[in-house]
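K.L.:
Sharing a structure below in structure tokens format, with a few things to ask.
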Amino acid sequence: MTDLLHLDQVSRRYGGLNALHPIDLHIPQGRRHGIIGPNGAGKSTLLHLIAGTIRPSSGRILLHGTDITSHTPDRRARRGIGRTWQHPAVFPRLTVADNIALALPSRSCFTAPFGTDPAPAQTESVLARFGLADLAGLRAGALSYGQQRLLELALATAGRPRLLLLDEPSAGLGPDDIRQLADTLGQLPTDVTIICVDHDLDLIWQLCDTVTVLDHGRHLTTGTPAQVRAHNGARAAYLQPTTTPADRSPEADRPESAPGSRTGGVSVAGLTAGYHGHPVVHDLDLDIPAGGIHALLGRNGAGKSTTLAALAGHLPPAAGTAVTIGGKPVPLGRPACAAAAGIGYVPQGRRLFGPLTVAEHLTAATAARQTTHGHPWRTDEVLDLFPTLHDRLATPAGRLSGGEQQMLALARALLAHPRLLLLDEPTEGLAPAIVAQLAGTIHRLAGAGVSVLLAEHRIPFAVQAADQCSVLAHGTIAMTATPAELATAGQRQQLGHLLGIHHTLGSLA
Amino acid sequence: MTDLITAPARRAVVAATAQRRARPIALVGAVVAAAGLPAVVDRYTITLAGAALVLAGLAMSTQLLVGTAGLPAFGQPAYFGAGAYTAALAAQAGITNGPAQLAAAAGAGAVAAVLTAPVVLRTRGTAFLMVTFAVQSLTATAASRWRTVTGGDDGLHTPPITVPAAGALTSPAHVYWYTLAAFLCLCAAVAVLLRSPLGLRLAGCAGQPPRMSALGHPVNTLLGAGYTAAGAVAGASGALLVAVHQYVSPADIGFETAAVTLLAAALGAGTMTGAIAGAVAVVACRDWIGAPTAGHGHALLGLLFLTVAYTRPVTAHARQLFARRSRP
């Protein structure tokens, strides 16, 4: 039997950078193939090469024995390649039903231009399959992040592709969403081939029967999950965090804070904020001492990102909201004022300046600095925190891998000397080893007197990083507990109930 | 399942439903008012109303590209001119039948669009705006220089159009009614196009071109089809220009027409009815209210755009209040 997909010595260079060294891959039909590796390993590049959005510098790509190297992305799609992006690519201004209608195998609009409703029955069946039927009439832009992810998966599969490329499908999803995702993918017909890039290793082990490990653009190994887990090179490059998260207690590696830095915490009282006058978060109170780390947990749409955006000044909060840092009131509703008052914000999706280089980002952050309150981070200190950025100083942000972009967004926020750092899904797109590092980094920041508020889906990370966890449900805080308290059975059950999960909590303690 | 739908989203649906219910009534009212206009106003105003319909046709053509396909098109007057000169030349050659002129002009606009689409659609964004601007100014220049065909800057005068059962239309009211009927047909054609698979795909191209490609849609071919349709609409509007004024000159397809059309589309905030209302508002401000204010029509036009630009947030807020009130 011929392979469905054959990459024949495919490589890709960007100027002097070898994003992907020549790689040879054979993927038979029906294979569920995972691709893992550290940030910047070339995983997304590989997907782009197969989808046709990037042309290889050398080598050939064969689909069912046909050379498709020179085919455009739409031609490849018509040959049966479907894909998703790292951030959901849906049509925000169109309704969910119209989104699906665009994804259905084309009745040519030139032969039948005047049918009024394209294949409504088919659209309905796709909507029903993905549990989106209730949302059919809404604009896709009004959906929550998790729903957009689901819709994108529906788009990618509605055309019944032979080969499905998934670029970090679990990014930004909560545990219950990831479980639903795994179920949905598992229900696809067995002859659909899947190539999945993800950092959620549980998902990869569960979904994939073959796994390829990439590192710095090189092919390390390909094998069954068991073989890969046993592979020494793969463990060293990716699987094994430099220090095991489990044996690190939050207090242990936190440097002794400078005297006096514990005073002047952050207090949020009666925060009510939302979009277009419709509150998403109601009357929320939070107190974070200087050097405190507070994690917000909650399902998609619970109001985590809204809380952070309102504190960062990106949403006008309703009357009655009061935020103080060190007793001084923070002007609300204006990002520049919030930054001047010492609030640093790392939004979900990073919001980097695509064409500017890493060095220019850092310079811009330093130049715009207005606050003198926080720990005075210097550029070299920040680069020590994120050594990967050292080698990328001259690279435009748009060329960085997803994980590197996340690090740059953090570095940029730090250089503004924040007293309160808001992190929205900081682990999204990061390799496990980097996630463990990130927890350490956050502890170091807190040790320097910075208060940290993070919105997080990964409960183990939140528990490991934070010293207070609050669960948001329907725009209010439903429970607050320390990680130690969360380890008790009663609290764990309540947490599971609020988050809608029941099985993943065993590993929490 | 019910908590899947967020409260703002549900309110958006309620507001959309309320709008959908109000729309047919408003449309019928507008058409009745437009048709009854000759009974209440003088001859000059009727001609102005005809000119407003012509500009509205051109604005629809522009909105098809700007609002639906996401292309900032500045050059639609070129295809408008192709249609207008085709209709005028046909009239001078003895084909005074209005619908025949309309069909020939729409065809000429479409052919001109097909020929230029490969050049124009290589670009997007600001570059697209510049290339379409070049198409518009080159066409206007050609119209003024190619004296043997276009009559140069003197333009072409044409005999009144004829309609099969009624003969030659000489009274302004009759010309206006013909223009209104033809314009409504054009609206119907555009409405069908927007609800067709092609219309949906054009909207998709505006939102997410890489996603469209990844779904197997040939983005450039689709945009080319949209560009051709917009050219046909512009061409048909050109025939209406000749019907209303019995005259066409390079000034009719010049920079000011292009600017005013694009601004009418911008006034419409992405919707087709908005573009039509924008075009009517432009003519009303510039020519109708402008004439008695000693030629300050352009200042009024400027004020109109500023007002719309600043009040859009206000209207959005009002709409929300309305939606909240009508919530069950």
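K.L.:
For the stretch A:387-398, which positions are open to solvent by 10 Å² or more (accessible area, probe 1.4 Å) and either over 17 Å from the mean Cα position of the chain (by Cα) or without any contact (Cβ under 8 Å) to a residue 24 or more places away in the chain (or both)?
P.N.:
Scanning the stretch A:387-398 gives A:PRO387, A:THR388, A:HIS390, A:ASP391, A:ARG392, A:LEU393, A:ALA394, A:THR395, A:PRO396.
K.L.:
Take the residues of the stretch A:387-417 that are of a type in the set (Gly, Ala, Ser) and in a helix (DSSP H, G or I): which is farthest from A:VAL452 (Cα to Cα)?
P.N.:
It comes out as A:GLY398.
K.L.:
Same structure again: Which of the residues spanning the stretch B:194-218 are within 18 Å of B:THR62 (Cα to Cα), of a type outside the set (Gly, Ala, Ser) and at the interface with another protein chain (Cβ under 7 Å from one of its Cβ atoms)?
P.N.:
B:ARG195, B:LEU198, B:LEU200, B:ARG201
K.L.:
Within the stretch A:350-374, work out how many residues are in a helix (DSSP H, G or I) and either surrounded by 16 or more Cβ atoms within 10 Å (Cβ to Cβ) or at pLDDT below 80 (or both).
P.N.:
6
K.L.:
Further, regarding this structure: Report the residue count in the stretch A:67-89 for those that are away from chain B (no Cβ under 11 Å) and under 14 Å from B:PRO210 (Cα atoms).
P.N.:
2
K.L.:
Could you give me the residue pairs with C-beta distances under 6 Å whose first residue belongs to the stretch B:118-131 and is farther than 11 Å from B:TYR227 by Cβ, whose second residue is hydroxyl-bearing (Ser, Thr, Tyr) and open to solvent by less than 40 Å² (accessible area, probe 1.4 Å) wherever it lies, and which are 6+ apart or on separate chains?
P.N.:
Going by the 6 Å Cβ cut-off, the qualifying pairs are B:VAL131/B:THR123.
K.L.:
With respect to B:THR170, is the statement that it is assigned to a helix (DSSP H, G or I), more than 14 Å from chain A (Cβ to nearest Cβ) and in contact with a Pro (Cβ under 8 Å, 6 or more places away or on another chain) true?
P.N.:
no
K.L.:
On to the next question. Only one of B:ALA239, B:ALA232, B:ALA265, B:ALA181 is away from chain A (no Cβ under 14 Å), buried (at least 20 other Cβ atoms within 10 Å of the Cβ) and modelled with pLDDT of 95 or more. Can you tell me which?
P.N.:
Just a single option satisfies the conditions, and that option is B:ALA239.
K.L.:
Oh, and also: Anything in the stretch A:464-474 that is within 21 Å of A:PRO426 (Cα to Cα) and either among the charged types (D, E, K, R) or at pLDDT below 80 (or both)? List them, or say none.
P.N.:
The one that is within 21 Å of A:PRO426 (Cα to Cα) and either among the charged types (D, E, K, R) or at pLDDT below 80 (or both): A:ASP467.
K.L.:
Name the residues in the stretch A:169-213 that are open to solvent by 20 Å² or more (accessible area, probe 1.4 Å) and under 20 Å from A:VAL90 (Cβ atoms), would you?
P.N.:
Scanning the stretch A:169-213 gives A:ASP177, A:ILE178, A:GLN180, A:THR184, A:LEU188.
K.L.:
Hey, does the stretch B:221-228 have a residue that's within 20 Å of B:ILE95 (Cα to Cα) and open to solvent by 40 Å² or more (accessible area, probe 1.4 Å)?
P.N.:
Within the stretch B:221-228, none of the residues are within 20 Å of B:ILE95 (Cα to Cα) and open to solvent by 40 Å² or more (accessible area, probe 1.4 Å).
K.L.:
Give the residues of the stretch A:37-81 that are touching a residue at least 24 places away in the same chain (Cβ under 8 Å), part of a loop (DSSP other than H, G, I, E, B) and in contact with a Pro (Cβ under 7 Å, 6 or more places away or on another chain), sorted by residue number.
P.N.:
The answer is A:GLY52, A:GLY80.
K.L.:
Another question, then. Could you grab me the full set of residues in the stretch B:123-156 that are under 25 Å from the mean Cα position of the chain (by Cα), surrounded by 15 or more Cβ atoms within 10 Å (Cβ to Cβ) and not in a helix (DSSP H, G or I)?
P.N.:
Selection gives B:GLY155, B:LEU156.
K.L.:
Within the stretch B:268-292, how many residues turn out to be among the β-branched types (Val, Ile, Thr) and open to solvent by 60 Å² or more (accessible area, probe 1.4 Å)?
P.N.:
Of the residues in the stretch B:268-292, 4 are among the β-branched types (Val, Ile, Thr) and open to solvent by 60 Å² or more (accessible area, probe 1.4 Å).
The values are calculated or read from the model by the stated rules, or taken from the named source; none is laboratory data. All of these numbers come straight from a predicted model, not from anything done at the bench. Using ideal geometry, Cβ is built from the backbone for each residue, glycine included, and neighbour counts are taken over all protein chains shown. Note: accessible area is taken over every heavy atom of the protein model, side chains too, but ligands, DNA and RNA are not part of it. Shrake-Rupley method; radii C 1.70, N 1.55, O 1.52, S 1.80 Å.
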